[in-house]
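Notes for the one structure printed next.
The values are calculated or read from the model by the stated rules, or taken from the named source; none is laboratory data. Remember, predicted model here, so these are calculated numbers, not experimental data. All Cβ positions, even for glycine, are placed from backbone atoms using ideal geometry, and neighbour counts span all protein chains on display. The accessibility values were calculated without ligands, DNA or RNA, using every heavy atom of the protein model including side chains. Shrake-Rupley method; radii C 1.70, N 1.55, O 1.52, S 1.80 Å.
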Amino acid sequence: MTRPELLRVEGITKAYPGVVANSDVSFSIGEGEIHALLGENGAGKSTMVKMIYGLIRPDSGTMTLRGAGYAPTKPAEARRLGVAMVFQHFSLFEALNVAENVALGMESPPPMRELAARIRAVSEEYGLPLDPSRMVGDLSAGERQRVEIIRCLLQDPKLLIMDEPTSVLTPQEVEILFKTLRQLSSEGTAILYISHKLEEIRSLCDEATILRRGKVVASCTPRERTAREMAELMVGASLKTPERRVAAKGEVALGVSDLSVDSPIAFGTSLKGISFTVAKGEVLGIAGVAGNGQDELLLALSGELKAAADKVRVAGRPVGDLGPVERRRAGLVAAPEDRYGHAAAPDMSLVENAFLTAGVRKELTRNGFVDWAGTRAFAEEIIAAYDVRTPGPDVAARALSGGNLQKFLMGRELMQGAGVIVINQPTWGVDAAAAASIRQSILDRAGEGAAVVVISQDLDELLEVSDSFAVLNEGRLTKPRPTEGLTMDEIGLMMGGAHGMEVAHHAG
Amino acid sequence: MGGQPPKPPGIFVDRKWGPVVLRLEKRPTPSRFWLYATPPVAVILTMIAGGILFAAMGKNPVEVIRTIFWDPMFGEFAFYLRGQLLVKAGPLILIAIGLALGFRAGIWNIGAEGQYIMGAIFGASVGLAVFPTESRWIFPVMIVAGAFGGWLWAMIPAILKTRFNTNEILVSLMLVYVAETILAKASTGFLKNPEGMGFPGSRNFSGYPAAQNAFLYEPLGLHWGGVAALVTGVLAWVLLTRHQAGFQIRLAGQAPRAARFHGVSPARLVVLCMGISGALAGLAGMFEVTGPAGQISIDFNTGYGFTAIIVAFLGRLNPLGIVLAGFLMALTYVGGEMASTNLGLPDAAIQVFQGMLLFFLLGVDVLTNYRFRLAVGAL
């Protein structure tokens with residue numbers, strides 16, 4: 001099937017000080033085509049689409065939209081010409097309702113009543129149920145994404161750009177989103193779909209352009225390729241699957257029973273009666289869509305949120321009422337998701353950030369004075385062991401790229417010889433090779449007898465590393481089940497299916 | 001510190017697009033050069049802007065600047081004025097170091113002036129209560145009482161903050177005015193000199209050797225308060241760079257969530273920082289009332305507690321920097337007094353001049369974390 005060309009990108013180059021984000025990138029998208037832009041973190045996908053959306057401008061190269069020159073200087077111009085974008089991170093106000101949020105994104109919003117009616121009409125047409133009067137703060141991540149999508153669809157776009165749309169969705173929600181996208185495509189709206197999830201791309205996309213280090217390395221028809229082939233094109237090397245040493249399951253190292261805590265975060269999710277145990281040598285994977293209590297669970301395990309003493313036990317010892325320092329001493333280390341400001345202090349050096357959590361277990365204080373020489377040695381040890389690319393340990397944490405800082409922070413927790421390790425999003429924003437090595441070290445620690453809890457939104461990652469599997473849904477944890485033999489359907493049901501979407505699609 | 005400028009969306013280097021604009025760009029790491037260059041640049045800018053102000057008032061700007069910055073150290077009366085420098089710098093340094101520890105942790109004690117007054121009243125009360133006993137233990141006990149008075153006054157905003165989440169800036173500031181009222185009561189009532197012929201004010205400590213903070217070395221203006229200031233400067237520097245508590249203070253100020261993750265209890269940190277700054281301010285008040293001031297009087301406090309805020313920032317919240325900044329600020333005090341008596345400059349003009357110093361300091365400080373970029377493109 002040949003389609004009339006919608007957008008042509010030719011020879012686009014964009015450089016930032018010290019890095020070339022895009023180098024001579026060319027591809028074209030036909031009307032109604034679903035086109036994947038595929039690549040690892042830092043391959044230049046986001047830079048490319050930001051140029052198409054008018055957020056930044058190319059240094060050189062040209063774009064044409066339906067044969068006419070296309071050089072948007074701002075997003076409003078791109079929208080006027082029929083290009084819309086749904087961002088990975090939503091820009092919504094939680095304290096406003098759906099219609100108000102949509103109105104904020106429009107140049108000349110119609111009266112609220114009329115807008116609400118249009119939102120209802122569009123949401124029904126595309127099977128994306130959404131009540132315009134609901135507060136955004138009360139919506140699930142999937143529902144918030146619908147707000148963003150509907151905001152775009154109201155402009156009747158010719159090209160819809162979607163940046164990693166499925167990272168916040170349950171498998172069922174993904175299916176429903178794909179249905180909507182296919183419907184849009186059949187109506188002639190082209191979709192530029194950014195992702196690094198290969199199976200998704202194989203099931204959804206017509207064509208794919210693969211980027212590596214800012215350059216187009218291949219283009220292909222995803223249905224004709226295997227996921228592994230595309231992954232190797234993306235990474236530029238053959239991939240190693242992490243190997244696991246099967247450790248004999250030991251006694252219970254971490255026990256949590258009926259743990260309930262109120263969320264300290266505005267619009268956060270309180271934990272409700274969480275219970276699980278992790279044995280020595282076991283990896284428990286906790287899945288769930290973002291915002292279902294993952295951050296709160298980490299805070300409650302790290303000791304930043306306290307509970308009754310016997311709610312959390314490390315090696316049989318009650319630690320629920322202890323703070324982070326005492327819990328580390330008891331043998332529990334934790335790694336929060338947010339690197340900048342929570343797991344690390346961005347303006348402090350790597351040495352100081354190493355002291356941040358390792359001071360207790362690595363015995364880096366004497367009479368309250370910090371052993372900076374010993375801390376520096378530990379920081380250098382992490383840098384060497386985890387291949388952290390940095391000019392040295394005295395560099396501020398924020399000067400490192402996200403992936404490099406993540407490697408440093410993972411190393412910091414994994415190298416303390418703790419009996420219990422809790423990690424939220426171990427490989428968020430890390431390239432495939434580094435992610436594989438982080439997963440490998442998690443498995444290595446488990447092989448040495450550590451009990452590990454991995455909280456992640458990446459199902460593939462959890463299936464790869466975990467022995468048992470549970471889902472966090474609206475602050476409640478399902479009963480952990482052995483990972484082996486679980487099907488995607490079962491996982492989807494554990495995740496609570498699709499939030500409020502079944503009805504609409506059955507009806508439509 | 002000052003509000004952070006909004007982050008620019010990106011830097012456009014393409015010559016084809018739009019007009020050239022100046023843009024603030026966040027530096028990947030803070031600039032070491034500007035960290036140290038900021039104070040001298042701010043001083044020079046203050047001299048220029050101050051000079052314009054003085055010229056507008058009909059004074060010769062060069063003469064005024066010279067009177068303020070040069071004469072106290074090298075002029076005709078330098079033999080006396082040099083001593084005055086440490087006398088003024090001592091309390092400023094002592095208070096500013098305490099404040100800086102809190103500011104580093106994001107805890108804003110603005111009421112050092114009140115803690116300074118309460119330190120003076122507590123210290124003086126102990127001495128006056130035992131008058132005219134002679135014992136070498138009297139003065140040390142007065143020192144402890146002075147520190148306790150300041151600490152106690154700082155605990156009020158600290159505990160209100162940790163218990164009821166009140167704003168420590170407002171509470172500590174308001175307590176300054178309460179302390180001033182108590183000071184007036186003390187000098188006209190419970191601490192009034194019984195032999196003072198009805199005039200307000202306490203007995204003068206210059207007539208009570210056991211409780212007097214006499215000069216240890218007069219040509220330099222050195223008394224126990226100066227010694228305490230310099231020793232505190234070194235101790236605070238060691239605390240911040242070598243001790244775990246100093247690390248926690250810096251961490252809490254830079255990344256509060258990371259501090260909680262590290263294991264810092266925000267409430268304990270508030271109590272610690274408010275307590276240290278209150279105690280140091282109280283010490284400064286106690287050394288002042290028993291030394292240079294000599295007695296409790298209605299107008300005993302002269303704004304050291306507020307000026308110390310400027311000193312803390314001028315010294316980059318770094319204890320050793322604060323020692324230098326304390327001397328610089330003392331220079332503007334001593335020189336400012338010279339300028340007002342010799343050249344007839346109003347006090348308010350000198351205060352504006354000191355305020356300019358903080359203004360330019362915070363303004364130039366942007367360059368530590370941001371740089372200007374010539375950029376092309378629409379905003």
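Among the residues examined, residue A:42 qualifies as closer than 21 Å to residue A:195 by Cβ, open to solvent by 20 Å² or more (accessible area, probe 1.4 Å), part of a loop (DSSP other than H, G, I, E, B) and in contact with an Asp or Glu (Cβ under 8 Å, 6 or more places away or on another chain).
Based on what the data block shows, is residue A:77 of a type outside the set (A, V, I, L, M) and loosely packed, with under 15 Cβ neighbours inside 10 Å? Here the answer is yes, as residue A:77 does meet what is asked. For the range A:465-497, the candidate set comprises residues that are of a type in the set (Asp, Glu) and surrounded by fewer than 20 Cβ atoms within 10 Å (Cβ to Cβ); within that set, the residue that is farthest from the chain's Cα centre (by Cα) is A:484.
Total residues in the range A:181-222 satisfying the condition of being polar (S, T, N, Q) and buried (at least 18 other Cβ atoms within 10 Å of the Cβ): the figure is 4. Against the test of being in a loop (DSSP other than H, G, I, E, B) and among the aliphatic types (A, V, I, L, M), the options A:290, A:384, A:300 yield a single qualifying residue, A:290.
All of (1) free of Cβ contacts under 8 Å to residues at least 24 places away in the same chain; (2) open to solvent by 10 Å² or more (accessible area, probe 1.4 Å); (3) more than 12 Å from chain B (Cβ to nearest Cβ) hold for residue A:368 with one exception: (3). Here residue A:71 passes the criteria (1) open to solvent by less than 60 Å² (accessible area, probe 1.4 Å); (2) modelled with pLDDT under 85 except the one numbered (2).
Residue-by-condition table, conditions (1) open to solvent by less than 30 Å² (accessible area, probe 1.4 Å); (2) more than 13 Å from chain B (Cβ to nearest Cβ); (3) of a type in the set (A, V, I, L, M, F, W, C):
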site: A:279; (1), (2), (3): yes, yes, yes
site: A:289; (1), (2), (3): yes, yes, yes
site: A:298; (1), (2), (3): yes, no, yes
site: A:311; (1), (2), (3): no, yes, no
site: A:343; (1), (2), (3): yes, no, yes
site: A:357; (1), (2), (3): yes, no, no
site: A:373; (1), (2), (3): no, no, yes
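Within the option set B:160, B:230, B:235, being over 17 Å from residue B:283 (Cβ atoms) and either more than 14 Å from every other protein chain (Cβ to nearest Cβ) or surrounded by fewer than 17 Cβ atoms within 10 Å (Cβ to Cβ) (or both) holds for one residue only, B:160. Of the residues making up the range A:92-127, just one is of a type in the set (Ser, Thr, Tyr) and in a helix (DSSP H, G or I), namely A:123.
Residue B:202: assigned to a helix (DSSP H, G or I) and either surrounded by 15 or more Cβ atoms within 10 Å (Cβ to Cβ) or in contact (Cβ under 8 Å) with a residue 24 or more places away in the chain (or both), yes or no? Here the answer is no, as residue B:202 does not meet what is asked.
Residue A:363 meets all of the listed conditions (1) in a loop (DSSP other than H, G, I, E, B); (2) buried (at least 20 other Cβ atoms within 10 Å of the Cβ); (3) more than 9 Å from chain B (Cβ to nearest Cβ) but one, namely (2).
Among the residues that make up the range A:32-39, is at least one of them of a type in the set (A, V, I, L, M), out of contact with any helix residue (DSSP H, G or I) (no Cβ under 7 Å at 6 or more places or on another chain) and surrounded by 16 or more Cβ atoms within 10 Å (Cβ to Cβ)? The answer is no; no qualifying residue exists. Taken over the range B:174-191, the residue count meeting the criterion of being in a loop (DSSP other than H, G, I, E, B) and surrounded by fewer than 18 Cβ atoms within 10 Å (Cβ to Cβ) is 2.
Looking across the range A:328-341, the residues that are open to solvent by less than 30 Å² (accessible area, probe 1.4 Å), more than 10 Å from chain B (Cβ to nearest Cβ) and either touching an Asp or Glu at 6+ places or on another chain (Cβ under 8 Å) or over 22 Å from residue A:426 (Cα atoms) (or both) come down to A:330, A:333. Only one entry in B:87, B:41, B:62 is more than 14 Å from chain A (Cβ to nearest Cβ) and in contact with a helix residue (DSSP H, G or I) (Cβ under 7 Å, 6 or more places away or on another chain), namely B:41.
Conditions tested, residue by residue: (1) part of a strand (DSSP E or B); (2) at pLDDT 90 or above; (3) in the same structural domain as residue A:279 (by TED's automatic domain parsing).
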| site | (1), (2), (3) |
| --- | --- |
| A:411 | no, yes, yes |
| A:417 | no, yes, yes |
| A:426 | no, yes, yes |
| A:433 | no, no, yes |
| A:452 | yes, yes, yes |
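In the condition set (1) over 24 Å from residue B:258 (Cα atoms); (2) part of a loop (DSSP other than H, G, I, E, B), residue A:437 is compliant with all but (2).
Among the candidates B:327, B:313, B:359, B:287, the residue that is among the aromatic types (Phe, Trp, Tyr) and over 24 Å from residue B:41 (Cα atoms) is uniquely B:287.
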